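Right, one structure below, let's go through it.
The values are calculated or read from the model by the stated rules, or taken from the named source; none is laboratory data. Remember, it's a predicted structure, so these values are computed and weren't measured experimentally. Here Cβ is always computed from backbone atoms with ideal geometry, including for glycine, and neighbour counts include all displayed protein chains. Accessible surface is based on the protein model in full, side chains and every heavy atom, while ligands, DNA and RNA are left aside. Shrake-Rupley method; radii C 1.70, N 1.55, O 1.52, S 1.80 Å.
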Amino acid sequence: WLFAVSSLAVAAAVILIVFIYTAGGNSITDILPDCVFYEKYHLYCPGCGGTHAVLCLLHGDIVGSFFYHPFVLYAAAVYSIFFFSNILFGLSVVRRRYALRPAHFIAAIVIILLQCLVKNVWLLLTCR
């Protein structure tokens, strides 16, 4: 029971901090540095687009989030299922909790590498 309450409190605190910061007209991207890898090599790193994908997801733009970085949607879906199943387990609503397996992490690595490859191939093909 304590796990469920503390998990909800942490999630609510993160959402509140992001809301307060962005409600003042600020953007999270204002405080983050530019991608060093992109600045130096003019290629996308495996994490490029992640911040914009999170911002799109927070604004409800699921398609935009997918195009910036599909891993963000994957991680949000897996984490949401894991988070809520554990809360329901902690409240004794369900008998089994959702467990993360190695396949989840392998899928995450594949998604990250594929999006990096596709973005860089597209960049190289379109920059002439």
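Within segment 78-108, the set of residues being assigned to a loop (DSSP other than H, G, I, E, B) and surrounded by 15 or more Cβ atoms within 10 Å (Cβ to Cβ) comprises just one member, Y98.
Is it the case that segment 57-77 has a residue that's closer than 30 Å to V5 by Cα, modelled with pLDDT under 90 and open to solvent by 80 Å² or more (accessible area, probe 1.4 Å)? Yes; the residues of segment 57-77 include at least one that is closer than 30 Å to V5 by Cα, modelled with pLDDT under 90 and open to solvent by 80 Å² or more (accessible area, probe 1.4 Å).
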